[in-house]
Amino acid sequence: MGKSTLSFEDFKLNSDGMLTVVTQDDKTLEVLMVAYMTKEAFEKTVETGIMTYYSRSRQELWIKGETSGHYQYVKSLTIDCDKDTLLAKVRQVGAACHTGHYSCFFTEIMNNEEE
């Protein structure tokens, strides 16, 4: 489907040899989730246009939406200045969170906004 201007070897990986991915709704810019990619997950994401991660708990590739139907379709992939975190802007179908919430970030623990 698509082509990346950088290869996975250009990225700075974490201690587990994975790339951190922040996933964001392409329209609202709401942060949906944070996950990780291996080289295989990155290449499959670029090839198919569907977000594919590496599940650290299951130790396997994880195509987001494969079991739930809540796919994430890639709109853009951008690497940060240190080349160690990928920002994926996606069209989210259904909920991003396994709890059924649209975003994984729904539990507020502090709020200093002025009234």
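All of the numbers you see were taken from the coordinates with simple rules; none came from a lab. Treat the numbers as computed from the prediction; the structure is a model and nothing was measured. Neighbour counts are summed over all protein chains in view; Cβ atoms, including those assigned to glycine, are modelled from backbone coordinates with ideal geometry.
May I ask you to derive the relative contact order of segment 1-78, considering only C-alpha pairs under 8 Å and at least 6 residues apart, and to give it as an integer percent? Present the calculation step by step, with values, prior to reporting the outcome.
Values: 109 pairs, mean separation 17.4, N = 78.
Rounded, it is 22 percent for segment 1-78.
Just order 57-69, 83-95 by mean Cβ neighbour count inside 10 Å, highest at the front, would you? Working shown, then result.
On the way: 57-69: 12.7, 83-95: 16.9.
In descending order of packing, they fall as 83-95, 57-69.
Dipole of segment 45-99 computed with +1 at Lys/Arg Cβ and -1 at Asp/Glu Cβ about the Cα centre; of Ser57, Val74, Gln92, farthest Cα towards the positive end is Gln92. Plainly put, the chain has a radius of gyration that is 0.98 times its Kirkwood radius, both from alpha-carbon atoms, as the Rg/Rh ratio.
For Glu113 and Leu6, compute 0.36 nm times the residue count separating them, minus their Cα-Cα distance, and round to one decimal in nm.
Numbers: separation 107, 0.36 × 107 = 38.52 nm, distance 3.91 nm.
Taking Glu113 through Leu6 to full extension adds about 34.6 nm, to one decimal.
About its Cα centre, how strong a charge dipole does segment 1-50 have in debye, to the nearest 20, once Lys and Arg get +1 and Asp and Glu get -1 at the Cβ? The calculation lands at about 60 debye.
Against the main long axis of the alpha-carbon atoms of the chain, helix 39-48 sits at an angle near 80°. Note on segment 14-115: with charges restricted to the Cβ of Lys and Arg (+1) and Asp and Glu (-1), its dipole about the Cα centre is near 520 debye. Taking other C-beta atoms within 10 Å as the exposure proxy, Glu114, Glu43 rank Glu114, Glu43 from fewest upward.
Determine by what factor the alpha-carbon radius of gyration of segment 49-115 differs from 2.2 N^0.38 Å, reporting the quotient. Write out the running numbers ahead of the final one.
Details: Rg = 14.6 Å, N = 67, 2.2 N^0.38 = 10.9 Å.
Compactness ratio reported: 1.34.
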